[in-house]
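To start, the structure itself, in structure tokens.
The values are calculated or read from the model by the stated rules, or taken from the named source; none is laboratory data. For clarity, every value in this text was computed on a predicted model and none was experimentally measured. As a convention, Cβ positions derive from the backbone with ideal geometry for all residues, glycine included, and neighbour counts pool all protein chains shown. We work out accessible area using only protein heavy atoms, side chains counted, and drop any ligands, DNA or RNA first. Shrake-Rupley method; radii C 1.70, N 1.55, O 1.52, S 1.80 Å.
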Amino acid sequence: MDEQLVQKVLEQVMKKVGAASSAAASSVPAGSSPVTEQVAGRGLTSLPTEFVGTAIGDTIGLVIANVDPLLHEKMGLDSRYRSIGILGGRTGAGPQIMAADEAVKATNTEVVAVELPRDTKGGAGHGSLIIFGAEEVSDARRAVEVALQELERTFGDVYANDAGHLEFQYTARASHALEKAFGAPLGKAFGLIVGAPAAIGVVCCDTAVKAAEVQVIGYASPAKGTSFTNEAILFISGDSGAVRQALIAAREVGIALLSTLGDKPQSLTRPYI
Amino acid sequence: MDEQLVQKVLEQVMKKVGAASSAAASSVPAGSSPVTEQVAGRGLTSLPTEFVGTAIGDTIGLVIANVDPLLHEKMGLDSRYRSIGILGGRTGAGPQIMAADEAVKATNTEVVAVELPRDTKGGAGHGSLIIFGAEEVSDARRAVEVALQELERTFGDVYANDAGHLEFQYTARASHALEKAFGAPLGKAFGLIVGAPAAIGVVCCDTAVKAAEVQVIGYASPAKGTSFTNEAILFISGDSGAVRQALIAAREVGIALLSTLGDKPQSLTRPYI
Amino acid sequence: MDEQLVQKVLEQVMKKVGAASSAAASSVPAGSSPVTEQVAGRGLTSLPTEFVGTAIGDTIGLVIANVDPLLHEKMGLDSRYRSIGILGGRTGAGPQIMAADEAVKATNTEVVAVELPRDTKGGAGHGSLIIFGAEEVSDARRAVEVALQELERTFGDVYANDAGHLEFQYTARASHALEKAFGAPLGKAFGLIVGAPAAIGVVCCDTAVKAAEVQVIGYASPAKGTSFTNEAILFISGDSGAVRQALIAAREVGIALLSTLGDKPQSLTRPYI
């Protein structure tokens, strides 16, 4: 990995330095966001029929019309569903799960699996593998499409710098993806608070529950409820206004604390809470 | 992360270079393979007697002639073996396990432990720690030497880009390392399919079992059967031709899908399947 | 890691660009240590009252005077303690635990939780989340302050290069943090040996127990006793001189072996053993 990176940087730098162009220095590109949406199908003549699209966080959306029975059994999938939609990324579990929640609201699908690798490409958090079950492949595809479209928004309150990250998620009405992944009560407002390194997360969680009267659905930390990530995480439910208030208070404290370990953490897209 | 780093380095370098030299451009080094074999013993006057060699994937081969009884017990090693060979790397478990399988075929040793850390230096997969047991230290050393030599080949169908990796392994006749690590039937053809991020791996696995009539020995994913890696993995067995056919079909689809998240993934050495 | 990489790339690039602009070349900054102490509060107008300080390893120290009862319960904290001190980092568990041990010796606090994420920002080891319980917030704060101050020292026998790391820790008298984290006998000399990749760690552990008569308290490896890190770890106790002798022998072998996979590993601060 590092060797590749060194090579990549070298190539870019040498390209810039080029033929003694002193203008080179002034042509350094403006900072691009740390995770940028991937453009699919660059120069490929044909893509497998399973391909749906890509999005921020090295997220890919796929669909299998008819999962092979041998694999279907090994994966432990519900036998009702032969068609599956697949949404998975290297960076982020919360954004993908929130996006999947919107997808199940909008389509005739069910979230049948949520698996959380330890990932984020050297960062402190999770990646994700989410599987939608559907009776019709068109439903599975539609669910994946909706989820991919939502990701730009659900990465909005993810803030990162070199030392860690913060994540805040809000929905006025939790659906089946949030119920499956986090035990969120259906139809109620739901909030998610994540802070990494975990020490910062603990203070964010405490700030949230002190800021408004919310129900605490769950708490996760490196040794319990995570895949050994360096995060402290809180799942809250309750009155819509209270949940938002808790999130906003936690966000303010989290950004101030994470700033003490590096640059001021920036939203990966645009905040929505 | 990497994007930020590239940007950071670029900025620093451009600041230093300023109005640079035209000679520089022509001295860009030819692309080196992302993981290159390490040269051992650079400038060291003496190496511990335990040292055997190094190879691709930050892999090191070591031997202990007579493991201290206190440690032997704590490691839970089989009491028959006082001598052990040790093969471990930062990047790759599959390549090292395949190499160990050739080593046990060629020597009077047994694979007594296969442990899979979550590693690959910020990548999506595993590292490895493999221990050979032997009655004679010369056997342990020989096993490690054989395995180190095999790694150049067994990394051949590992393909990586910045977003993830794919791995395909094949042997016409599985031996005891593959039996221990994956439950592979002894003496039969064996195939391994790995895709990361896991979403891509799921489609690779499905493609493989649809492409040929093979037995599915096992399936692993971020939450089950891996050390929380962002991989979906399939272990297959069966007729030699069928196993190869399944691997080749999965490889084609995997490369096309992983290309949608970045550059076309390249073999780390030279494909052998 | 990233700092090392930036430095490495810079050096390579400057070598290439070099000759032309000699002024540029001479202005390359001297190598800074791979993990440098973070300066807190850069330009922030106000920090949350919970903030105590930061230190090497992206470590942050925090305090909560009165943990919210809802969170307190979910975190499973001892009901005696309403005030907690929090010490957590991205890189390093051993250094923070050793530092916490000095902190509990010096203050009226208890270590109520030690959680070990899989981290080190793409490296092979752990991060940390350590929680001190106290009846008075001033005690919790003091414990965190002491621990932060100790870190410069406890990172002294951590050695790293691009391929892995080594860690050695020693105390003449183990206290409650080491008892809780590693089962160290109270009041006795204690030593910690860590090698990554794990293959190197195994040889370090074997070297240590052969070098002096020590008690082996525990052994941890990727599949057992770690959070799937690529490390082999040994916990030893016994006579003060013997423990030091074991550590010094393991350190010598470890540095020689890790050097075969990259540059000679350097202390992150200054060796103390």
Could you identify the single residue in A:132, A:168 that is closer than 20 Å to residue A:64 by Cβ, open to solvent by less than 20 Å² (accessible area, probe 1.4 Å) and in a strand (DSSP E or B)? A:132
Of all residues in segment A:43-65 being in contact (Cβ under 8 Å) with a residue 40 or more places away in the chain and not in a strand (DSSP E or B), the one that is most open to solvent (accessible area, probe 1.4 Å): A:65
Is it fair to say residue B:187 is at positive phi, open to solvent by 30 Å² or more (accessible area, probe 1.4 Å) and free of Cβ contacts under 8 Å to residues at least 24 places away in the same chain? yes
Among the listed residues A:145, A:150, identify the single one that is among the acidic types (Asp, Glu), part of a helix (DSSP H, G or I) and free of Cβ contacts under 8 Å to residues at least 60 places away in the same chain. A:150
Quickly run through segment A:73-88 and pick out the residues that are on the phi < 0 side of the Ramachandran plot and within 9 Å of chain B (Cβ to nearest Cβ). A:73, A:74, A:75, A:84, A:86, A:87, A:88
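Just checking, which of B:208, B:174, B:242 is in a loop (DSSP other than H, G, I, E, B), open to solvent by less than 20 Å² (accessible area, probe 1.4 Å) and either more than 8 Å from every other protein chain (Cβ to nearest Cβ) or closer than 27 Å to residue B:109 by Cα (or both)?
Criteria check complete, one pass: B:174.
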Residue in segment B:224-239 that is surrounded by the most Cβ atoms within 10 Å (Cβ to Cβ), counting only those that are among the β-branched types (Val, Ile, Thr) and in a strand (DSSP E or B): B:236
Residues in segment C:217-238: is at least one aromatic (Phe, Trp, Tyr) and on the phi > 0 side of the Ramachandran plot? yes
Anything in segment A:66-116 that is β-branched (Val, Ile, Thr), open to solvent by 20 Å² or more (accessible area, probe 1.4 Å) and closer than 27 Å to residue A:165 by Cβ? List them, or say none. A:91, A:114
Selection status of residue C:119, among the acidic types (Asp, Glu), within 8 Å of another protein chain (Cβ to nearest Cβ), on the phi < 0 side of the Ramachandran plot and open to solvent by less than 20 Å² (accessible area, probe 1.4 Å): yes
For segment C:251-261, which residues satisfy the criterion of being more than 18 Å from the chain's Cα centre (by Cα) and either open to solvent by less than 10 Å² (accessible area, probe 1.4 Å) or at positive phi (or both)? C:257, C:258, C:259, C:260, C:261
Which residue pairs have Cβ atoms closer than 8 Å, lie 6 or more positions apart in sequence or on different chains, and pair a first residue in segment B:90-105 that is more than 13 Å from residue B:179 (Cα to Cα) and within 12 Å of another protein chain (Cβ to nearest Cβ) with a second residue that is in a helix (DSSP H, G or I) and among the β-branched types (Val, Ile, Thr)? B:96/B:154
